[in-house]
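K.L.:
Pasting a structure here, questions to come.
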Ligand SMILES: Nc1ncnc2c1ncn2[C@@H]1O[C@H](COP(=O)(O)OP(=O)(O)OP(=O)(O)O)[C@@H](O)[C@H]1O
Ligand SMILES: [Mg+2]
């Protein structure tokens, strides 16, 4: 490997995020290399979504630094991080309800095209990829939860990110839609897309990710292969202690 290939795409260094007395993320450090799929795991309130907010720039950390593609982005605004190549999906989906599915995705393809027809064509391609072609011209408010998750994914993919953050893409989705979503993420992985996924579904984590970090109370508790993490005594204790967890 060359030196450049060794440089992590994302480098989170000792990041802490405190909301008053609540320390949502505590001295968290990790890196992600190009083409890797990292799973962030942990019980409710562990700090997973907050970590995404810090990477995407919705929150500025209380302390610590974040490097992306070799640049310090700790204080960079969210739109500049998006331009730099960081995209995310939201745990609670946030489409423009009064726009159609295609129009929602067009917003994301805008920077790449000078004409509306090009934008629309490109957007339709992403809508098709996520399996929403039949709903392409329906207003986003008419979508089911699973379809909204797919739209989120299409919007994030359409920005052609270097790093894609997926917050519980399978959460709240009906069981029969999960294999399709899994296949979609696998095809992204096969194209070399770098991903961080927040997931509670252990099967999804096992099938998709190269490495997993288990967070608890804002801090990294265990790191390893999905198999190692799932079998770690502390992880087993925590999930069993929660009544079986979410797997
Ligand atoms: N904006 C905020 N203001 C105050 N507290 C917050 C804020 N955002 C998150 N928190 C708190 O930080 C902690 C971590 O929350 P976070 O949403 O990151 O957890 P999570 O791991 O994503 O959990 P879940 O699995 O339920 O989605 C929680 O105690 C939460 O209440
Ligand atoms: Mg969350």
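K.L.:
Using a 10 Å cut-off on Cβ atoms, rank the peptides 70-76, 210-216 from the highest mean neighbour count down. Before the final figure, lay out the partial values.
P.N.:
Details: 70-76: 14.0, 210-216: 20.9.
Peptide ranking by packing, descending: 210-216, 70-76.
K.L.:
Now a separate question. Roughly how far apart, in whole Å, are the Cα centres of the range 1-50 and the range 198-229?
P.N.:
Using only Cα atoms to place each centre, the spacing works out to 12 Å.
K.L.:
OK, next. State, as an integer percentage, the relative contact order of the range 138-247 based on alpha-carbon contacts under 8 Å between residues 6 or more apart.
P.N.:
Values: 99 pairs, mean separation 21.4, N = 110.
Reported as a whole number, the value is 19 percent.
K.L.:
Report the FRET efficiency, 1/(1 + (r/R0)^6), for residue 22 and residue 96, where r is their Cβ-Cβ distance and R0 is 35 Å, rounded to 0.05. Spell out each step's value before the answer.
P.N.:
Numbers: r = 31 Å, r/R0 = 0.90.
According to the calculation, E is roughly 0.65.
K.L.:
Give me the one-decimal nm value for the distance between modelled label points at residue 138 and residue 71, 7 Å along each residue's Cα-to-Cβ direction.
P.N.:
3.9
K.L.:
Evaluate Rg over Rh across the chain, taking Cα atoms for both radii and Kirkwood's formula for Rh. Can you show the working numbers first?
P.N.:
On the way: Rg = 17.9 Å, Rh = 18.6 Å.
Expressed as Rg/Rh, it is 0.96.
K.L.:
Once fully extended, how much extra length lies between residue 83 and residue 113, figured as 0.36 nm per residue of separation less the alpha-carbon to alpha-carbon distance? Could you put the intermediate results ahead of the total?
P.N.:
Values: separation 30, 0.36 × 30 = 10.80 nm, distance 1.45 nm.
Full extension from residue 83 to residue 113 adds 9.4 nm.
K.L.:
Further, regarding this structure: Express the relative contact order of the range 3-241 as a whole percentage, based on alpha carbon pairs under 8 Å and six or more residues apart in sequence. Before the final figure, lay out the partial values.
P.N.:
Values: 457 pairs, mean separation 62.0, N = 239.
It comes to 26 percent, rounded to a whole number.
Every number here is computed from the coordinates shown, using simple stated rules; none is lab data. Nothing here was measured: the structure is a model prediction, and the numbers come from that model. Note: ideal-geometry Cβ built from the backbone for every residue, glycine included; neighbour counts use all protein chains shown.
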